[in-house]
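The block underneath contains the structure these notes are about, expressed in structure tokens.
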Amino acid sequence: MHLQTLLPILSALGTTAAIAIKPPTHLWATHYNGNVYTLTLKDNDLSVSQTLNTCGDMPSWLTLDAHTRTVYCSDETARRHAAREGAVAKAVGGGVNSVIYEAGAGKKFIAIAHYGGSAISTFALPIKQNQPTLQAFHFNLTRPGKVAQQDSSHPHEVFLDPTGSFIVSPDLGADLLRVYAIEDGRSGKLSECPSVNVTFGSGPRHGVFWTDGSDRSAGAGSTHSQKTEAVGETMMYLANEIGGTMMVFDVSYPRSGCLSFEKTQTMVPYPGGVMPEGATPAGISRIGDEFYVSIRSDQGFAPNDSMVVLDRSPEDGSLELRDSSSALGKVPRTFVINRAGDLVAIGNQASATVAIVRRDPKTGNLGEEVATVHVGEPGKVGTAEGLSSVIWDE
């Protein structure tokens, strides 16, 4: 496997084939102490099997290209880091999230959300020595937001629409959804679409699309018009960190070549419909019509925070709370569901733990704890310390 680090650099480090084992027994995790960790899950035992200091001072996010067996790691600092071997390229600082996308002829690119850098940048893959940024979009606020955290633009995520032809980025600082069309052809360049206003003070953090399954697009490389004609019913679900809400949007594909969003619901993803003071939604994921959101600093299962399960209505796509359960740690910044849909890995930032819980593939309910391991040092709640991300190696 190759490990590629990026933000503010991108590099590739080779490892031996001997460590490559069949998923879901392998995971990767990052910690704000500067380390990237390999985790091994065997039966009900989860352990740290390798520690790499290879992703700058503050590794914050991991994105896996399963086809090429490459992991991309974002460094949230603005400092330059040089790997001992592999390719190095400069990038904007403050990276917190990335997504791989394709253009014509299967060419691959990566888009990065720079929270601290107030920007979105892209690179062609694979990374080559001293490779320049393909594009960089920089943002400035014309007015401050509702809270101090919204003093500048803060893109927090980049994710693809179901056709693979658009990228959406929730901007926590600007209360916007920034939308980009992947240009036709092989260039991999993005074209800016009109941004979508989100309610003032919401602080959009992460989102996920839903489609009815009738999307028959040709995939990356087909024209926007082809994809527009092929896509079925599409909706988007947005977790707002500052406002403590979930928003639901109907999504359409007009012939103008850009996505159109219409908000249909705002709800609080928490028992009783009230988010505890200081608590915030963080990660969001779904399988089918079941949605999962991690809740930071609610102490719903003291001394641990919460995971909530939401059901999607087949009539109008609205969400309703089903259940909540323990995150088995403090500040669940990220979580990931494995490919089989029967295990969930929860990355608890402040307690610096990765907790594995069972998921019932039939009901969608989260169940018992399988295993938990400490990864690095615990962090103080409310700071950029502790565990920062976790992914399955599959």
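Just so it is clear, none of the values below were taken in a lab; they were calculated from the coordinates. These numbers come from a predicted model, not from an experiment. Don't worry about glycine lacking a Cβ; one is built from the backbone with ideal geometry, like all the others, and counts go over all protein chains shown.
Based on every Cα atom in the range 300-371, Rg and the maximum pairwise Cα distance Dmax equal 12.7, 40 Å.
Here K42 is the anchor, and the aspartates and glutamates within straight C-alpha reach of less than 20 Å, apart from those fewer than 8 places off in the same chain, are D342, D360, E368, E369, D393, E394. The alpha-carbon of K380 sits under 20 angstrom from the alpha-carbons of these aspartates and glutamates, leaving out residues fewer than 8 places away in its chain: D57, D75, E76, E241, E277, D298, D305. Backbone phi angles across the range 371-380, fed through the Karplus curve with coefficients 6.51, -1.76 and 1.60 (θ = phi - 60°), yield HN-Hα couplings of 6, 9, 9, 7, 10, x, 8, x, x, 7 Hz in residue order; Gly and Pro are listed as x. Across the cross-link table entries K107/K263; K189/K362; K263/K362, which are compared at the Cα atoms, the separations over 32 Å belong to K107/K263; K189/K362. Most simply put, the chain has about 95% antiparallel DSSP beta bridges, counting only bridges with both residues inside it.
Qualifying GluC sites (Glu not before Pro) in the range 242-318, where qualification requires a DSSP coil assignment and no more than 16 other C-beta atoms within 10 Å, comprise E277, E315. The convex hull drawn around the Cα atoms of the range 234-326, when projected onto a plane and averaged over every direction, covers 6.4 nm².
Annotation: aspartates and glutamates with alpha-carbon distance below 15 angstrom to K128 (same-chain offsets under eight excluded): E85. Using θ = phi - 60° in the Karplus curve 6.51 cos²θ - 1.76 cosθ + 1.60, the 3J(HN,Hα) couplings for the range 57-70 round to 7, 9, x, 10, 7, 10, 10, 9, 9, 5, 5, 9, 6, 10 Hz; x is entered for Gly and Pro. Relative to the current alpha-carbon distance between S252 and T383, full extension at 0.36 nm per residue lengthens the span by 43.3 nm.
Phi angles of the range 284-290 translate, via the Karplus equation with coefficients 6.51, -1.76, 1.60 and θ = phi - 60°, into HN-Hα couplings of 9, 8, 8, 9, x, 9, 10 Hz per residue; Gly and Pro are given as x. Estimated at 0.36 nm per residue, the fully extended path between D65 and T264 surpasses their Cα-Cα distance by 68.3 nm. Once backbone amide H atoms are built at 1.01 Å from N, L141 has S153 as its partners under 5 Å, excluding neighbours fewer than 5 places away on the same chain. Mean sequence separation of contacting Cα pairs (under 8 Å, at least six apart), scaled by the length of the chain, corresponds to a relative contact order of 12 percent.
Extending 7 Å from Cα along the Cβ direction at S191 and again at D212 yields two label points whose distance is 2.8 nm.
In this structure the amide hydrogen of T70, modeled in the peptide plane, comes within under 5 Å of the amide hydrogens of D65, none closer than 5 places in sequence on its chain.
Each Lys and Arg adds +1 at its Cβ and each Asp and Glu adds -1 at its Cβ; summed about the Cα centre, the range 122-210 shows a dipole of about 160 debye.
The length gained by stretching the chain between V274 and N53 to full extension, at 0.36 nm per residue less their Cα-Cα distance, is 75.4 nm. Each of the peptides 201-210, 336-345 was scored by the mean count of other Cβ atoms within 10 Å over its residues; in descending order, highest first, they stand as 201-210, 336-345. Dividing the Cα radius of gyration of the chain by 2.2 N^0.38 Å, with N the residue count, gives 0.92. Taking amide H positions as modeled 1.01 Å from N, with prolines and chain starts lacking one, the residues under 5 Å from S60 and 5 or more places away or on another chain are S74, D75, E76.
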